[in-house]
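Here's the structure we're looking at; comments come further down.
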Amino acid sequence: MKANRGAYAVAFLATAFAQIIVADKSLADPRGLWRTQDGATVRVASCGGAVCGTMVSPAPGKSNTDVDNPDPDKRQRSVVGVEVMISMTPNGPNKWSGRLYSLAGGQTINGSIVEVDDRTIRVEGCAGPLCGGQIMTRIR
């Protein structure tokens, strides 16, 4: 009888541990289609061993071209398809770090994605001493 209790305890713990792993994997996945606070749409997808985000549509009322890019040859390019989250790799629970391209100002800065929950991420970055971020909401 004691052997059966031990086997049941091991089976119970293994099942509980497997459920925790599955729950963590379902939460920690920023891939999908996201809406920024100003209404732009960004697709986050796998890119090699990282995740990257590309602009799907600009925010309503914003320029369709990369007008603030420091490279004059790129100022007329469409923002659709521009990579705005670059090589974001896991950096802790529910966090990915890499580079962010800001269409407002045309800067590429260090930044991170933090998954708040399965419907919300926070994108954060710093340019020198100034840091900021925004919440993005999952579309799908």
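The values are calculated or read from the model by the stated rules, or taken from the named source; none is laboratory data. Here the structure is a predicted model, which means the values were calculated and not measured. A quick note on method: Cβ atoms are made from the backbone with ideal geometry, for glycine too, and the neighbour counts reach across all protein chains shown.
Looking at the range 56-68, is at least one residue of a type in the set (S, T, Y) and either surrounded by fewer than 12 Cβ atoms within 10 Å (Cβ to Cβ) or at pLDDT below 95 (or both)?
yes
Any residue at all in the range 60-78 that is among the hydrophobic types (A, V, I, L, M, F, W, C), within 14 Å of T36 (Cβ to Cβ) and free of Cβ contacts under 8 Å to residues at least 60 places away in the same chain?
no
Mind listing just one residue for me: the one in the range 115-140 that is basic (K, R) and part of a loop (DSSP other than H, G, I, E, B) and, of those, farthest from K74 (Cα to Cα)?
R119
Looking at (1) part of a loop (DSSP other than H, G, I, E, B); (2) at negative phi, which is the only condition G61 fails?
(2)
A quick yes/no check of all residues on (1) in contact (Cβ under 8 Å) with a residue 12 or more places away in the chain; (2) surrounded by 15 or more Cβ atoms within 10 Å (Cβ to Cβ); (3) more than 15 Å from P30 (Cβ to Cβ); (4) under 13 Å from the mean Cα position of the chain (by Cα):
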{"position": "G105", "(1), (2), (3), (4)": "yes, no, yes, no"}
{"position": "G128", "(1), (2), (3), (4)": "no, no, yes, no"}
{"position": "G132", "(1), (2), (3), (4)": "no, no, yes, no"}
{"position": "T137", "(1), (2), (3), (4)": "yes, no, no, yes"}
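Would you be able to tell me the number of residues in the range 72-81 that are over 25 Å from the mean Cα position of the chain (by Cα) and either more than 16 Å from A104 (Cβ to Cβ) or of a type in the set (F, W, Y) (or both)?
Final tally of qualifying residues: 3.
State which residue is nearest to T137 (Cα to Cα) when the search covers only the range 31-52 and only residues that are free of Cβ contacts under 8 Å to residues at least 24 places away in the same chain and in a strand (DSSP E or B).
Filtering first and then ranking leaves R43.
Filter the range 70-96 down to the residues that are crowded, with 19+ Cβ neighbours inside 10 Å and farther than 17 Å from R138 by Cα and list them by number.
Taking the range 70-96 and keeping what is crowded, with 19+ Cβ neighbours inside 10 Å, we get 79, 84-85, 88, 96.
Residues satisfying the conditions are V79, M88.
Given the criteria without any contact (Cβ under 8 Å) to a residue 24 or more places away in the chain, of a type in the set (S, T, Y) and outside any loop (DSSP other than H, G, I, E, B), does S112 qualify?
No.
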